[in-house]
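Novice: Please read through the structure below; I'll follow up with questions.
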Ligand code: SD4
């Protein structure tokens with residue numbers, strides 16, 4: 001089979017993958033694949049590099065998520081992220097492995113790599129989620145260093161925002177880059193991660209969908225994984241990523257499942273105005289992918305043989 005041809009065919013509308021059967025008779029992809037929200041190709045590359053070195057899907061998604069976290073130009077994740085309305089950069093992240101283990105941090109300040117703290121919560125504590133001061137104390141105890149994450153650019157933008165203090169999230173216009181990243185390794189093991197600085201100028205203490213297991217990201221190794229970006233409040237109210245994985249379990253393709261999840265949230269909240277944007281990505285055990293958003297403007301990166309970015313299809 002021509003793998004490089006397969007790698008470039010049909011991405012985004014259910015890509016074709018090389019398949020094999022496991023001893024349990026499951027069909028799995030034998031070509032590793034990484035998918036991420038937005039044009040996070042540097043992250044999908046870091047994740048694929050980790051897989052190529054023989055690291056796990058979990059290592060891969062962590063490595064991928066760390067890329068935008070350290071990128072000062074990315075104003076929706078980690079260092080350089082836009083702050084809340086009091087000028088504090090507060091970070092949300094979660095991670096999940098192929099065994100169904102999960103870890104998460106929310107409203108974490110001053111730590112550049114919340115995804116790695118989330119992994120430590122998963123691996124070194126009996127808990128799933130730590131927030132605020134407790135999360136920061138835990139991170140410091142694990143050797144993470146405190147840093148100022150408010151970049152000059154983000155501080156300038158925040159001071160400009162303070163003049164009118166209007167809270168109007170504009171997802172596409174800001175070209176948000178919250179990263180949800182999912183990897184399937186050559187053995188068909190699936191892991192996922194999600195990390196963000198959340199909505200710019202949010203109320204102090206606001207936590208979005210991104211660190212909520214099942215909302216911002218969800219993985220079930222029997223089925224596949226999904227991740228979200230956009231207006232977190234609506235993703236949380238509908239547990240979007242969990243829903244997509246369950247729809248795939250019932251037989252939908254990743255693309256169909258993303259579309260159904262978007263249809264449901266739009267129907268329930270009747271929101272199609274400019275600010276109401278959600279984008280989903282999904283991958284199944286066979287390595288097929290899907291993505292869909294409410295409005296135009298959501299794109300995503302897929303690395304399978306080649307590292308490419310695609311515009312998602314959308315509802316309105
Ligand atoms: C949130 N879902 O905190 C995030 C925001 C986002 O790109 O996706 N931004 O609600």
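What follows draws every value from the coordinates through simple rules; no lab data is involved. These figures come from a predicted structure and were not determined experimentally. Virtual Cβ from ideal backbone geometry, glycine too; neighbours counted across all protein chains shown.
Novice: Pairs of alpha-carbon atoms within less than 8 angstrom and 6+ residues apart define the contacts here; what relative contact order does the chain have, in percent?
Specialist: Details: 879 pairs, mean separation 75.9, N = 316.
Relative contact order here is 24 percent.
Novice: Under 10 Å, Cα contacts only: if you run a Gaussian network model on the chain, which one of 266, 28, 207 comes out with the highest mean-square fluctuation?
Specialist: Ranking 266, 28, 207 by mean-square fluctuation puts 266 first.
Novice: Radius of gyration and Dmax for the chain's Cα atoms, expressed in Å?
Specialist: 18.1, 63
Novice: If we count other beta carbons within 10 Å of each Cβ, what is the order of 310, 298, fewest first? If you can, show how the numbers build up before the last one.
Specialist: Working: 310 19, 298 27.
Starting with the residue having the fewest Cβ neighbours, the order is 310, 298.
Novice: Take 303, 280 and order them by how many other Cβ atoms sit within 10 Å, fewest up front.
Specialist: On the way: 303 26, 280 32.
Ordered by Cβ neighbours within 10 Å, fewest first: 303, 280.
Novice: Another question, then. Can you tell me the 0 to 90 degree angle between the C-alpha axis of helix 41-52 and the longest principal axis of the chain, rounded to 10?
Specialist: Value to nearest ten degrees: 50.
Novice: Any chance you could check the Cα centroid distance between the stretch 129-148 and the stretch 240-257 for me, in angstrom?
Specialist: If we compute the Cα centre of each part, the gap is 34 Å.
Novice: I've got another one for you. Counting helices only, and only those DSSP H runs with n ≥ 4, report the 222 nm mean residue ellipticity of the chain as the sum of -39,500 (n - 2.57) divided by its residues, in deg cm²/dmol to the nearest 500. Don't skip to the end; give the middle numbers.
Specialist: Numbers: 9 runs with 99 residues, N = 316.
It lands at -9500 deg cm²/dmol.
Novice: OK, next. As a footprinting exposure proxy, order 243, 108 by other Cβ within 10 Å, with the fewest listed first. Could you put the intermediate results ahead of the total?
Specialist: On the way: 243 22, 108 28.
Ascending Cβ contact count within 10 Å gives the list 243, 108.
Novice: While we're on this one: Which angle between 0 and 90 degrees, to the nearest 10, do you get for helix 114-124 versus the longest principal axis of the chain when only C-alpha atoms count?
Specialist: The angle comes out at about 70 degrees.
Novice: Any idea what angle helix 240-249 forms with the longest principal axis of the chain, computed on alpha-carbon atoms, 0 to 90 degrees, nearest 10?
Specialist: Here the helix axis deviates by roughly 10 degrees.
Novice: Please state, rounded to one decimal and in Å, the Kirkwood hydrodynamic radius that the stretch 223-316 gives when every pair of distinct Cα atoms enters the mean of 1/r. If you can, show how the numbers build up before the last one.
Specialist: On the way: mean 1/r = 0.0767 Å⁻¹.
Answer for the stretch 223-316: a Kirkwood hydrodynamic radius of 13.0 Å.
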